[in-house]
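Let me begin by presenting the structure, written as structure tokens, before commenting on it.
The values are calculated or read from the model by the stated rules, or taken from the named source; none is laboratory data. Keep in mind that what you see is a predicted model, and the values were worked out from it rather than measured. Here the Cβ is made from the backbone with ideal geometry for all residues, glycine too, and neighbour counts use every protein chain on show.
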Amino acid sequence: METFKWKVNSTARKEGEKASVAFFTKEVAEKVRNFHQGFDLYRPTPLRVLNHLAKHMGVSGIYVKDESYRFGLNSFKALGGSYAIGRYLAQQLTMNMQDVSFEMLRSPDVKQQIGDITFATATDGNHGRGVAWAAQQLRQQAVVYMPKDSAQIRLDNIKATGARASITDLNYDNTVRYVKQTARENGWVLVQDTSWEGYTDIPTWIMQGYLTMVAEALEQMQEVGADMPTHVFIQVGVGSIAGAVQGLFASLFNEKRPITAIVEPNKADCHYLSSMAEDGKTRHVTGSMDTIMAGLACGEPNPISWGIMRDYSDMFISCPDYVSAKGMRMLGNPLGDDPRVISGESGAVTTGLISFLMKEEILQEARERLQLDEHSRILVFNTEGDTDPENYRRIVWDGAYPVPGIE
């Protein structure tokens, strides 16, 4: 039986030199959101309040920020891609981001000034679709490469934006290396959500793009009469979303920030392994990383986000695929009059994990170290809907990936 691995980050609450969160402040979040609000399709995604599930779990509240509604794309990823492309175009115009708008950047006059630009990226599906959609909205081009075994429907959805897209015979991290080289050879602009030496601006802009989601969630919790969350569970692939979430909370609340748990699949748990090393450096996972959580199947942490998670997050948790599958079934079959949430494999793992933490004795120590109890208000992010509908039905309808030992 595959089981859980977890590591308490004993330095998260200690004083000392920590990674800067200056790029993830309230002021930055406001600027980012102002840009996103200029899109015709912009609407705040719903915050789902699951009162019956919270009571069943023995906590005060469970709040799900449902990104399956974002821009009609079934995922949060376009927030990052659109803001990064917007920043790049503003830079080409030698203008500050606060002085440009979506309508301005897609205007014929701007297109004449900057000409045709091709944006390239590697993706399991959601990030590439977001980049391709943003390029289409801003009247530019996109080229997208996907790792082996990517779902055909995710490829088709990217192609539907007019982008050139294909599936490689490489894993995710090697696909990133391939598109990096190919973009350089062709003069394309790389829009990748991880960083390396000499490539930090665009990954930072992508992370900043995700702040719109976090700012909305905090505002919506106030609207439903809830206090600030005591706990945040956030899933990671390369870690950009978790770095943005953790960065904003650390900037806003410092030592009063929520207790944060970083969650990833056990077949791609590079952040958990990095935390176990306790030397501040990253560790990598290689091979196929054949988890159902395709959006989290990344073996190398983003150095920008890793520094933030390393210094501010309270626990790193590695868990099996059946945790995500259970979360999908729970959210899709709600208790009482709780709203239904359609969540994909990468979106549901945090909800599934909460159920194991609160109900299973094997995780009692982890639960206690996280200080989870009847007073806890837990915020999670459903980062995607059923982006692979066939697999969603296999799991939710047919019961694929059952919990071991449960009849």
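Applying the selection to the range 313-342, what residues are assigned to a helix (DSSP H, G or I) and either buried (at least 24 other Cβ atoms within 10 Å of the Cβ) or at pLDDT below 95 (or both)? Residues satisfying the conditions are VAL323, SER324, ALA325, GLY327, MET328, LEU331. Sub-8 Å Cβ pairs linking a first residue in the range 353-365 that is without any contact (Cβ under 8 Å) to a residue 24 or more places away in the chain and under 13 Å from VAL59 (Cβ atoms) to a second residue that is surrounded by fewer than 21 Cβ atoms within 10 Å (Cβ to Cβ) and of a type in the set (Lys, Arg), at least 6 apart or interchain, are LEU357/ARG367, ordered by first then second residue.
When you check ALA348 against the structure, is it out of contact with any Lys or Arg (no Cβ under 6 Å at 6 or more places or on another chain) and free of Cβ contacts under 8 Å to residues at least 60 places away in the same chain, yes or no? When the stated conditions are applied, ALA348 passes them. Scanning the range 150-177 for residues that are surrounded by fewer than 16 Cβ atoms within 10 Å (Cβ to Cβ) and either touching a Lys or Arg at 6+ places or on another chain (Cβ under 9 Å) or within 17 Å of THR118 (Cα to Cα) (or both) gives LYS159, ALA160, GLY162, ARG164, SER166, ASP169.
From the residues in the range 154-172 that are assigned to a helix (DSSP H, G or I) and under 20 Å from the mean Cα position of the chain (by Cα), which one is nearest to SER288 (Cα to Cα)?
By that ranking, first place goes to TYR172.
For the subset of the range 190-206 comprising residues that are in a loop (DSSP other than H, G, I, E, B) and in contact with a strand residue (DSSP E or B) (Cβ under 7 Å, 6 or more places away or on another chain), which member is nearest to ARG257 (Cα to Cα)? Checked the range 190-206; the qualifying residue nearest to ARG257 (Cα to Cα) is GLN192. Checking GLY16, GLY58 one by one, the residue that is touching an Asp or Glu at 6+ places or on another chain (Cβ under 8 Å) and farther than 17 Å from GLU219 by Cα is GLY58 and no other.
Within the range 207-245, work out how many residues are under 22 Å from HIS375 (Cβ atoms) and assigned to a helix (DSSP H, G or I). Explain how you work it out, then say what you get.
We begin by selecting, within the range 207-245, every residue under 22 Å from HIS375 (Cβ atoms); these are 217-218, 220-234, 245.
Within this subset, residues satisfying the condition of being assigned to a helix (DSSP H, G or I) are 217-218, 220-223, 245.
Looking only at that region, the number is 7.
For first residues located in the range 328-343 and more than 16 Å from TYR63 (Cβ to Cβ), partners that are of a type in the set (A, V, I, L, M, F, W, C) and in a helix (DSSP H, G or I) and lie 6+ apart or on another chain with Cβ distances below 6 Å form the pairs MET328/ILE395; MET328/VAL396; ARG329/VAL396; GLY332/VAL396.
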